[in-house]
Amino acid sequence: MLPKLPLGEAVEWLVDMIELYLGWLLDGISAILGFLVDGFQDLLLVAPPLVTILVFGVIVFLVTRRDWKLAVLTIAGLLLIWNLELWKLSMETLALVVTATIIALLIGLPVGILASMNDHLDSIVKPVLDFMQTMPSFVYLIPAVIFFGLGNVPGIVATVIFAMPPAIRLTNLGIRQIPKELNEVADSFGATTMQKLVKVQLPVAMPTIMAGVNQCIMLALSMTVIAAMIGALGLGYQVLVGIQRVDIGTGFEAGLAIVIIAIILDRITQNLTRSSA
């Protein structure tokens, strides 16, 4: 029988080296992420709940091209969350999702664009994305805890890694599916690579890209309960408490609030996708 490969020892050595030589970078990332999530939380909680609910209703009304029914349902759903005394936890969850989604898109969209322009990079990115999407979501918690400890920051890091692949894949796919004729027309007019990207490729691929943004948001929200296992606050933590205490009511209420937020975010991004089509 062949001797066991020292894979675990190698990983432990790598982690020790990262903490030893890149600890300053990890501390900086932790400080930035903590500042961002705290800022979004303060912004969402600065106004009274009723004012914030009304603002959300107006935003949905405008984004969905004056769909007053969806705006009313949004207000009703948020009022239910407020009535269940889950408003602060919901805003904490929303802040985590917004922070993680923004970071995932800031990384994912440029990578998807570059992969669509370079076949060699695409051949490297695809297996990495396959690995990221087939890896159980709980596994992402391990490196996040090792490098960032417990709390919101490792939850954001794990959520970013979990939610990023759809943004990369669909951005890459959307640009690659653009008819060759459009690219040839842009080239015939002497457009530079950047001009062709901004004025032709991105506008045409926008519906597909927005579908990736929608999936990114949904995956980020689905990760909130799992991230609660490493100290991330919000509704996910409330669900976790309900599971630990076998408190069906507490878990159901928090889960219902997550569903309401998910539906609101999904409808907003779906309407943005339609408007960009």
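The values are calculated or read from the model by the stated rules, or taken from the named source; none is laboratory data. Being a predicted model, the structure only gives us computed values, none of them experimental. Here the Cβ is made from the backbone with ideal geometry for all residues, glycine too, and neighbour counts use every protein chain on show.
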Inset, instruction - Could you tell me whether the range 117-129 includes any residue that is small (Gly, Ala, Ser) and closer than 22 Å to THR208 by Cβ? - result: yes
Inset, instruction - Say whether the condition of being modelled with pLDDT of 85 or more, more than 14 Å from VAL97 (Cβ to Cβ), among the hydrophobic types (A, V, I, L, M, F, W, C) and surrounded by fewer than 19 Cβ atoms within 10 Å (Cβ to Cβ) is met by at least one residue in the range 256-276. - result: yes
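Condition check ((1) closer than 24 Å to LEU33 by Cβ; (2) among the hydroxyl-bearing types (Ser, Thr, Tyr)) across all residues:
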{"residue": "ILE161", "(1), (2)": "yes, no"}
{"residue": "ALA167", "(1), (2)": "yes, no"}
{"residue": "THR171", "(1), (2)": "yes, yes"}
{"residue": "GLY174", "(1), (2)": "no, no"}
{"residue": "PRO203", "(1), (2)": "no, no"}
{"residue": "MET223", "(1), (2)": "yes, no"}
{"residue": "ALA232", "(1), (2)": "yes, no"}
{"residue": "TYR237", "(1), (2)": "yes, yes"}
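Part of a helix (DSSP H, G or I), of a type in the set (A, V, I, L, M, F, W, C) and in contact (Cβ under 8 Å) with a residue 12 or more places away in the chain, is that true of ILE142?
In short, no.
Check the range 186-198 and report whether any residue there is assigned to a loop (DSSP other than H, G, I, E, B), within 24 Å of ASP119 (Cβ to Cβ) and either small (Gly, Ala, Ser) or free of Cβ contacts under 8 Å to residues at least 24 places away in the same chain (or both).
The answer is yes, given that some residue of the range 186-198 is assigned to a loop (DSSP other than H, G, I, E, B), within 24 Å of ASP119 (Cβ to Cβ) and either small (Gly, Ala, Ser) or free of Cβ contacts under 8 Å to residues at least 24 places away in the same chain (or both).
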Inset, instruction - Could you tell me whether GLN195 is farther than 30 Å from GLY23 by Cβ and surrounded by 16 or more Cβ atoms within 10 Å (Cβ to Cβ)? - result: no
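For (1) farther than 30 Å from GLY8 by Cα; (2) of a type in the set (Gly, Ala, Ser); (3) surrounded by fewer than 20 Cβ atoms within 10 Å (Cβ to Cβ), each residue gets a yes or a no:
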position: TYR140; (1), (2), (3): no, no, no
position: PHE148; (1), (2), (3): no, no, no
position: VAL204; (1), (2), (3): yes, no, yes
position: CYS216; (1), (2), (3): yes, no, no
position: ALA220; (1), (2), (3): no, yes, no
position: ILE226; (1), (2), (3): no, no, no
position: GLY242; (1), (2), (3): yes, yes, yes
Inset, instruction - With respect to VAL225, determine if the residue is at pLDDT below 85 and outside any helix (DSSP H, G or I). - result: no
